[in-house]
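Structure, as structure tokens:
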Amino acid sequence: MRGILAFALFLFATSAMAHDAPSGWSYDPYCCNGDSKTGDCEMIPSRTVTVIPGGYRITLYPGDHRYVTHAHIFTLPQRKTMRSPDGAYHLCLFPDENTPRCFYAPDMSY
């Protein structure tokens, strides 16, 4: 019984922390902390993303994500990229602006 209660509390806590992307789908609870105003997940401009062999290069400047205060270049592998349901790029930075936690990308079409 305790195990069930603990699991239910865990689910409630993680779902309460997740917030929605602007188009209405929810970020994974692992990825996001906060809400749509203070959360660490946010849609980023497509101009900041370059497809490279094996993944993506993301170049961010202040204004590209609410947490970014100086220029960043992140190289993220394709295998760790999550599917973006709305066709836009989204990045979750946690616990600070130097650490990409989750990256959502649209399906590639060839």
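The values are calculated or read from the model by the stated rules, or taken from the named source; none is laboratory data. Note that the structure is a prediction, hence the values are computed from the model and not measured. We place every Cβ from the backbone using ideal geometry, glycine too, and count neighbours over all the protein chains shown. Note: accessible area is taken over every heavy atom of the protein model, side chains too, but ligands, DNA and RNA are not part of it. Shrake-Rupley method; radii C 1.70, N 1.55, O 1.52, S 1.80 Å.
Across segment 70-92, what is the total count of residues that are of a type in the set (Val, Ile, Thr) and exposed (fewer than 11 other Cβ atoms within 10 Å of the Cβ)?
So the count comes out to 1.
Of the residues 95, 53, which single one is out of contact with any strand residue (DSSP E or B) (no Cβ under 7 Å at 6 or more places or on another chain), open to solvent by 40 Å² or more (accessible area, probe 1.4 Å) and at pLDDT 95 or above?
When all the criteria are applied, what remains is 53.
What number of residues within segment 58-68 satisfy the criterion of being over 17 Å from residue 105 (Cβ atoms) and surrounded by 11 or more Cβ atoms within 10 Å (Cβ to Cβ)?
Number satisfying all stated conditions: 5.
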